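Every number here is computed from the coordinates shown, using simple stated rules; none is lab data. Just so we're clear, the structure is a prediction, and the values are computed from it rather than from any experiment. When we count neighbours, we look across all protein chains shown, and the Cβ atoms used for this are built from the backbone with ideal geometry, even at glycine.
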Amino acid sequence: MRRVIIDCDPGQDDAVALLLALISQDELDLAGITCVAGNVPLRHTVRNALRVRELSGRRNVPVYAGCPGPILRPLATAEEVHGKTGLDGVDLPEPDHGAEERHAVEFIIESCRAAPDSGITLCPIGPMTNIAMALVMAPEIRRSIREIVFMGGVALDLGNITPSAEFNIFVDPHAAEIVAKSGIPLTMFGLDVTHKALATPARRAAIESIPTPVAQAVGQMLAYYDRTDVDRYGDVGTPLHDPCVIAYLLRPELFEGRRCSVTVDTSDGPSLGRTVVDWWGKTDAPANCLVVSEIDADGFFELLNRRFAQV
Ligand code: RIB
Ligand code: CA
C-alpha cells in the first residue's frame, strides 16, 4: 500500500478528495493531512480539513497546519468560488479534535526521513508551498519520495485564474518551480484532465441519492460549488479537480497521459504561473512529469459513489 501525505487547501473539491482518501484506508496508508493557504486563508483550510475528517469518522489521520502564504507572492484566494469559509454549501459541525502542534513542513520532513527509499508519495492539491519548503529545508528527503502526484497546472488548455495559469500554480509559482526542478518523479493532474471530471446534474443526482452522511454532504458541497465554472465555461457541471489525484492512486487505469518535460514560468507578467509542458517533445529537456490528459469519467464517478455509500 502506498504511504501518502495529502497537502490541501479545502475547498469543496479538496474535501471530496480527502473524503475519498479517508474512506479508502484499506488501499491507502494515509500518514497525514497537511494544510496550506490557498482557496481561503490557512485558519479556514485547517478548520475545513478537521471538519471533513470528523465527517469521515476516521480520526486516526493527523492534521497539520502549514504555511500561511506563498514563498514570495502575496496570497491570492478564491472565496468567489468556495465561499468565505472555503466550504460554503454544507454545514459541518465544529471538529472535536484539533490540528497537531507540529508544523506541517516539519511533519513532511520527519515522515520522509522515517520512510525507506521511495517509501512515500506526496499529493499536493493546493499551492505547493509546504512541499517546496520541505525540499529546501531538507533536500535529502528526495530519496524517500516515490512520486509527487499533484493537482495543478495546465498543458494544452487555458488557465482558470489567468489566461496562462491554473490557480494552485499561480498562487505559489516559486514553490511549483522548486518541485518541478526537484528531480522527483511527478504526475500532473492539470485542467486538461480535471475539466473532463465534470459533476454533471445527473452525476450529482446519483450522489445525492445515496443515503449516507458523507454522500449527502458531498451533494450539498457540489450544489454550492457548481456555480462559477458552469457560468464561466458553460459546462454542464463543475470540475472535480482534486479527487482525480486520489482516484489515480486507487485506480490508475482510469487515466491516461504522456511523460513530458514540465517547467514553471515565474516571470512577472501575463505568463506568471504557466506550466510550460513540452507535449510535442520539441526540446531535449528531461521528461520529469507524467502529464495526465484523459479520464474514464464514468468510472471515476462510480468509484466516488461506491466509496461514499460506505459512510
Ligand atoms: O484550479 C483548481 C485548484 O485550485 C483546485 O485544487 C482547487 O481546490 C483550487 O485549490
Ligand atoms: Ca485544492
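For the reader, a short list of remarks on this structure follows.
- In a DSSP loop and with at most 15 other Cβ atoms within 10 Å, the trypsin sites (Lys or Arg not before Pro) in the stretch 242-311 are K282.
- Note on K196 and E101: their simple-model spin labels are 4.8 nm apart, each label 7 Å out from Cα toward Cβ.
- In the chain, inverting the average of 1/r over every pair of distinct C-alpha atoms gives 18.9 Å as the Kirkwood radius.
- Anisotropy class of the stretch 30-109 from Cα gyration tensor, a/c 1.5 cut: oblate
- Note: relative contact order over the chain, using C-alpha pairs below 8 Å and six or more positions apart, is 19 percent.
- Label sites at R306 and V136, each approximated as a point 7 angstrom past Cα along Cα to Cβ, lie 4.2 nm apart.
- Normalised contact order of the stretch 1-58, rounded percent, pairs of Cα under 8 Å and 6 or more residues apart: 45
- Using all pairs of distinct alpha-carbon atoms, the Kirkwood hydrodynamic radius of the stretch 168-311 works out to 16.7 angstrom.
- For the stretch 1-158, alpha-carbon Rg relative to the globular expectation (2.2 N^0.38 Å, N residues): 0.99
- Stretching E27 away from E294 to a fully extended chain increases their span by 93.8 nm, per 0.36 nm per residue minus the current alpha-carbon distance.
- Cα centroid separation, the stretch 155-171 to the stretch 1-68 (Å): 23
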